[in-house]
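J.: I have a structure I would like to understand better, so I am pasting it below and will then ask my questions one at a time.
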Amino acid sequence: MKFSIIIPVYNSEKYLKECVDSVLKQKYKNFEIILVDDESKDSSPEICDEYAIQDDRIKVIHKQNGGTADSRNFGLRVANGDYITFMDNDDYWSDEYVLSEYYSLLSESHSDVLMFNTMEYWEKSKKFTLNNNFINRNEVCGQEKNTALANVLKKGLLYRAVWAKVIKKDLIIENNLFFKPGIRNEDTDWTTRLLFCGQTFDWCEKVFYVYRKETGSAQTDKKVTLKEIMDLQKICKEYILMGERLEDNEFKKVVMSYLAYPYAVLLAQTYDLDHSNREKILKDIQRFSYVLDFDFDPSVRKVKKLFHIFGYRITSYLLHLYLRYR
């Protein structure tokens, strides 16, 4: 079993070596690293090329700047692995047995998708944090699709981030599961489509992936823009409407429960906009507020309570304050 690890690279000279080295030190050796340089302005391109010279399992693509989604698509087109996973260029794996564990699990289950929890590393305070909710593998692996996904959602562990998953390459190719270029919140969009086409799921109980925060370069470290909010608005509307048409009621609950979280994020983020744009978006998405009633996710359950106590706009404002001061 061969793994492809796709890493979009942009101006990451400070963290890139730790990221790549955490893969190279793996005890399981049948992998390739695909470094996609998105026209970096620092020394990242040279670092990528140096690695390619040192290890023939490393492929380097230098391309015109097109964003993370575009870089991931370039990586997917050249990947030769049986399974594909992603990393951000400032993150890393905390253990040398990551791929060994993935191999062991997937050799047994042959699942379309392997999911796992992640930990955060806060750059300023030098502290690690972890969602302490735990799910047993047998609650996911071997379970019917709707049951498996519902179990993960109920623990608040079905992340939108693409790097919290290992995906069978054939599933990606057969379903044209590429990233939509030119949009933000592309992980939310991509993972929604993955839920529709994936049929079998597995879970890794061990936590290896370290998500570095407060670097100043991550999307979550920056103030959201009007375009980012409008992209999320479009994603929520498109897939909630798609969910409404689902005849499988149990899968509908899964999809809507997954979408309820980004919908709550959208409510919060609108208050970063000027009054005119905020009112326009809030008015447009208000009719979808019922999605909060699909509350498998414990975070959504809290938002639902706020919504039923304070109503639509006050809940939106309270969520905004939470995101700002947490």
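J.: Measure nothing but the geometry: give the 0 to 90° angle between the long axis through the Cα atoms of 298-310 and the longest principal axis through the Cα atoms of the chain, rounded to 10°.
T.: Tilt of helix 298-310: around 20 degrees.
J.: Here is a follow-up. Expressed as cubic angstrom per residue, what is the convex hull volume of the alpha carbon set of the range 202-273? Write down the numbers at each step before the final one.
T.: Details: hull volume 8.7 nm³, N = 72.
In the range 202-273, the Cα hull volume divided by residue count equals 120 Å³.
J.: Something else now. What distance in nm separates the two pseudo spin-label positions at R313 and S94, each 7 Å out from Cα along the beta-carbon direction?
T.: Result for the modelled spin labels: 4.4 nm.
J.: Then there's this: Hey, which of these cross-link pairs are over 24 Å Cα-Cα: K41/K234; K2/K127; K213/K280; K155/K252; K252/K302; K227/K252? Write down the numbers at each step before the final one.
T.: Working: K41/K234 32 Å; K2/K127 33 Å; K213/K280 32 Å; K155/K252 18 Å; K252/K302 21 Å; K227/K252 28 Å.
Violating the 24 Å limit, Cα to Cα: K41/K234; K2/K127; K213/K280; K227/K252.
J.: May I ask you to derive the FRET efficiency for K305 and K180 from their Cβ-Cβ distance with R0 = 30 Å, giving the value to the nearest 0.05? Don't skip to the end; give the middle numbers.
T.: Numbers: r = 34 Å, r/R0 = 1.12.
Computed FRET efficiency for K305 and K180 comes out at 0.35.
J.: Output the Kirkwood hydrodynamic radius of the range 226-326, Cα pairs only, in Å rounded to one decimal.
T.: Values: mean 1/r = 0.0733 Å⁻¹.
Evaluated on the range 226-326, it is 13.6 Å.
J.: Semi-axes of the equivalent ellipsoid for the range 171-213, please: Cα gyration tensor eigenvalues, times 5, square-rooted, ordered largest first, whole Å. Provide the component values of the computation, followed by the final result.
T.: Values: eigenvalues 91, 67, 13 Å².
Each semi-axis is √(5λ); the values are 21, 18, 8 Å.
J.: Compute the FRET efficiency between E120 and K223 as 1/(1 + (r/R0)^6), taking r as their Cβ-Cβ distance and R0 = 25 Å, and round to the nearest 0.05.
T.: Working: r = 20 Å, r/R0 = 0.78.
After rounding, the FRET efficiency stands at 0.80.
J.: Roughly what would the spin-label model give for N136 and E46, points 7 Å off Cα along C-beta, in nm?
T.: Those two pseudo-labels are separated by 5.4 nm.
J.: Related question: From largest accessible area down, sort V23, V224; use a 1.4 Å probe on the protein chains. Walk me through the numbers before you get to the answer.
T.: Working: V23 0, V224 30 Å².
The ranking, largest first, comes out as V224, V23.
J.: Would you please give the residues with an amide H less than 5 Å from that of K206, counting only those at least 5 places away or on a separate chain, with H modeled from the backbone geometry?
T.: Long-range HN contacts for K206: none found.
J.: Taking only Cα atoms, what is the 0 to 90° angle, nearest 10, from helix 145-154's long axis to the longest principal axis of the chain?
T.: The angle comes out near 80 degrees.
J.: Name the long-range amide H neighbours of I61: under 5 Å, sequence gap of 5 or more, or other chain; modelled H, no Pro or chain starts.
T.: Long-range HN contacts for I61: L35, V36, D37.
J.: Within a Cβ distance under 13 Å of Q286, other residues only, what is the Lys/Arg minus Asp/Glu net charge? Could you put the intermediate results ahead of the total?
T.: Values: positive: K237, R278, K280, K283, R287, R313; negative: E279, D284.
So the environment of Q286 carries a net charge of +4.
J.: When Lys and Arg each count +1 and Asp and Glu each count -1, what net charge do the other residues less than 11 Å away from T270, Cβ to Cβ, add up to?
T.: Working: positive: R278, K280, K283, R313; negative: D272, D274, E279, D284.
So the environment of T270 carries a net charge of 0.
J.: If each of K206 and R245 carries a label point 7 Å out from its Cα toward its Cβ, how far apart are those two points in nm?
T.: 4.3
J.: Ok, one more. Determine the order of K252, K165 by accessible area, beginning with the largest, at a probe radius of 1.4 Å.
T.: Numbers: K252 50, K165 5 Å².
From most exposed to least exposed: K252, K165.
J.: For a Förster distance of 25 Å, can you work out the FRET efficiency between the beta-carbons of D274 and E238, rounded to the nearest 0.05? Write out the running numbers ahead of the final one.
T.: Working: r = 25 Å, r/R0 = 1.00.
Efficiency at R0 = 25 Å is approximately 0.50.
J.: Still on this model: Pull out the extension gain between V78 and R326, defined as 0.36 nm times the separation in residues minus the alpha carbon to alpha carbon distance; nm, one decimal. Walk me through the numbers on the way to the answer.
T.: Details: separation 248, 0.36 × 248 = 89.28 nm, distance 4.04 nm.
Here the segment from V78 to R326 would lengthen by 85.2 nm.
J.: To continue, here is another question. Through the Karplus equation 6.51 cos²θ - 1.76 cosθ + 1.60, θ set to phi - 60°, convert the phi angles of the range 246-261 into ³J(HN,Hα) values in whole Hz; use x for Gly and Pro.
T.: Whole-Hz 3J(HN,Hα) from phi for the range 246-261: 5, 8, 7, 5, 6, 5, 4, 4, 5, 4, 5, 5, 5, 6, 4, 5.
J.: Can you tell me the 0 to 90 degree angle between the C-alpha axis of helix 186-197 and the longest principal axis of the chain, rounded to 10?
T.: On a 0 to 90 degree scale, this one is about 90.
J.: Summing Lys, Arg as +1 and Asp, Glu as -1, what charge do residues with Cβ under 9 Å from the Cβ of E186 carry, E186 excluded?
T.: Numbers: positive: R72, K180, R184; negative: D187, D189, D231.
Its environment carries a net charge of 0.
J.: Could you state the accessible area per residue of the chain in Å², with a 1.4 Å probe and every protein chain left in place? Intermediate values should be presented prior to the final figure.
T.: On the way: 14730 Å² over 326 residues.
That works out to 45 Å² for each residue.
J.: Follow-up question, since we're still on this one. Among DSSP beta bridges whose residues both lie in the chain, state the antiparallel percentage, nearest 5.
T.: Working: 12 of 37 bridges.
So the antiparallel bridges in the chain amount to around 30 percent.
J.: Let me know the whole percent of all Cα-Cα pairs from the range 150-223 that are separated by more than 18 Å. Don't skip to the end; give the middle numbers.
T.: Details: 1325 of 2701 pairs.
Tail of the P(r) past 18 Å holds 49 percent of the pairs.
J.: Using amide H atoms built 1.01 Å from N in the peptide plane, name the residues 5+ places from F86, or on other chains, whose amide H lies under 5 Å from its own.
T.: Excluding prolines and chain starts, which carry no amide H, the hits are I6, K165.
J.: Can you give me the C-alpha center-to-center distance between the range 248-284 and the range 38-78, rounded to a whole angstrom?
T.: The range 248-284 and the range 38-78 have Cα centres separated by 34 Å.
J.: Could you work out what % of the accessible surface of the chain is carbon and sulfur, using a 1.4 angstrom probe and leaving DNA, RNA and ligands out of the count? Numbers along the way, then the final one.
T.: Numbers: 7320 of 14730 Å².
The value for the chain is 50 percent carbon and sulfur by accessible area.
The values are calculated or read from the model by the stated rules, or taken from the named source; none is laboratory data. These figures come from a predicted structure and were not determined experimentally. All Cβ positions, glycine included, derive from the backbone under ideal geometry; neighbour counts span all protein chains shown. Please note that ligands, DNA and RNA were not included when accessible areas were found on the heavy atoms of the full protein model with its side chains. Shrake-Rupley method; radii C 1.70, N 1.55, O 1.52, S 1.80 Å.
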